[in-house]
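Report on the structure given below.
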Amino acid sequence: MYDIIIVGAGPAGLTAALYALRANKKVLVLEAKNYGGQIVNANKIENYPGILEISGFDYATNLYNQVKNLGAELKYETVIRIERDKAVFTNQNQYYGKAIILATGAENRKLEIENENKYIGKGISYCATCDGNFYRNKIVAVVGGGNTALEDAIYLSKIASKIYVIHRRDSFRGENKYLEEIKKEENIEFLLNSTIHKVNGDDFLTSLDVIDNQGNIKNIKVDGLFVAVGQMPKNEIFQNILELDQYGYILSNDGVHTNIPGIYVAGDARVKKLRQLVTAVSDGAIAATTAIQEME
Ligand code: NAP
């Protein structure tokens, strides 16, 4: 029996472990892949308060070591089911906790085109607020037509010299208020009814082949491509007992409790406004301290 079982070893989950271990709780962290979550893909982190610059990998490794030094038990097993009585089933074992913290994160949806993985961190990014600053006075493209893509284009218009917005249709899923704002920005150009056919470069991305729905291919020089085609939470396995929103994020009235007492949520897995490192670690700390208070 563990005091707290944490599902997910990204920044939210590891921070929850840090706080729980420092309170002398018996903690198990379960992770399906590698520790660190999405942040390990960040080339540089420059927006974490108090840290001038650090790579995502170094940040995640520091956090992992901090937790390991406190004696964390971390097992690389895939959680396949949780139950109301705080039983956690993995592909290998079954565990029980007094509390469970779900920190399963979300994955950025990929374009699934050739060489996309090759240029991640070398021109391709999935987070404008994280990486936009690396493209100061450079040419970038944003792909997508939702609120994220529109917001990203507006954000980047203050940083980059030129922004292409590439969208597969000629109408937008994103809100009109963002479109109105975009129209005021002279450095944003729309390439509509278009998708990315190919990404080109050597070590770094240098251009995109964009194909329109007539089959015409246009090569545009870019230094960066921001992919904003949606995110995918990974909460399907919890939907039998937990309330999720229409996109699959875990609902929480106060950002920490789920609909089941003793099961908490932290980080990108939950419904929230800002999915960033700083909000993920904040969630982890709050989830752990709340779980501890409520089990005593
Ligand atoms: P989204 O609303 O699901 O939009 C994804 C966009 O990507 C859509 O325009 C979609 O095109 C396009 N797309 C999907 N797969 C693609 C592919 N393989 N190739 C090219 N284009 C593709 O995702 P989101 O913008 O990340 O927003 C997610 C949710 O968060 C939404 O509810 C959004 O309103 C919300 N959000 C809110 C705010 C805010 O309120 N400030 C900010 C950001 C996000 P189609 O339209 O053709 O399907």
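Remarks
- Only listed residue being of a type in the set (Ser, Thr, Tyr) and within 18 Å of Asn108 (Cα to Cα), chosen from Thr195, Thr206: Thr195
For every residue, the table says whether it meets (1) under 14 Å from Leu156 (Cβ atoms); (2) outside the structural domain of Val88 (by TED's automatic domain parsing).
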{"residue": "Thr104", "(1), (2)": "no, no"}
{"residue": "Lys122", "(1), (2)": "no, yes"}
{"residue": "Ser125", "(1), (2)": "yes, yes"}
{"residue": "Ala128", "(1), (2)": "yes, yes"}
{"residue": "Phe134", "(1), (2)": "yes, yes"}
{"residue": "Val142", "(1), (2)": "yes, yes"}
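- Residue within the stretch 171-188 that is assigned to a strand (DSSP E or B) and among the charged types (D, E, K, R) present: no
- In the stretch 219-249, residue modelled with the lowest pLDDT [restricted to those that are part of a loop (DSSP other than H, G, I, E, B) and over 18 Å from Leu102 (Cβ atoms)]: Gly230
- Every pair of residues 6+ apart whose Cβ atoms lie under 8 Å, when the first sits in the stretch 162-175 and is in the same structural domain as Leu192 (by TED's automatic domain parsing) and within 7 Å of the ligand (Cβ to nearest atom) while the second is modelled with pLDDT under 95 and charged (D, E, K, R): Gly174/Glu151
- The set of residues in the stretch 80-118 being more than 21 Å from Ile260 (Cβ to Cβ) and more than 16 Å from the ligand (Cβ to nearest atom) consists of Asn91, Gln92, Asn93, Lys118.
- Scanning the stretch 179-191 turns up no residue that is within 11 Å of the ligand (Cβ to nearest atom) and surrounded by 14 or more Cβ atoms within 10 Å (Cβ to Cβ).
The values are calculated or read from the model by the stated rules, or taken from the named source; none is laboratory data. Computed from a predicted structure; not experimentally measured. Counting neighbours? That spans all protein chains shown, and the Cβs are built from the backbone with ideal geometry, glycine included.
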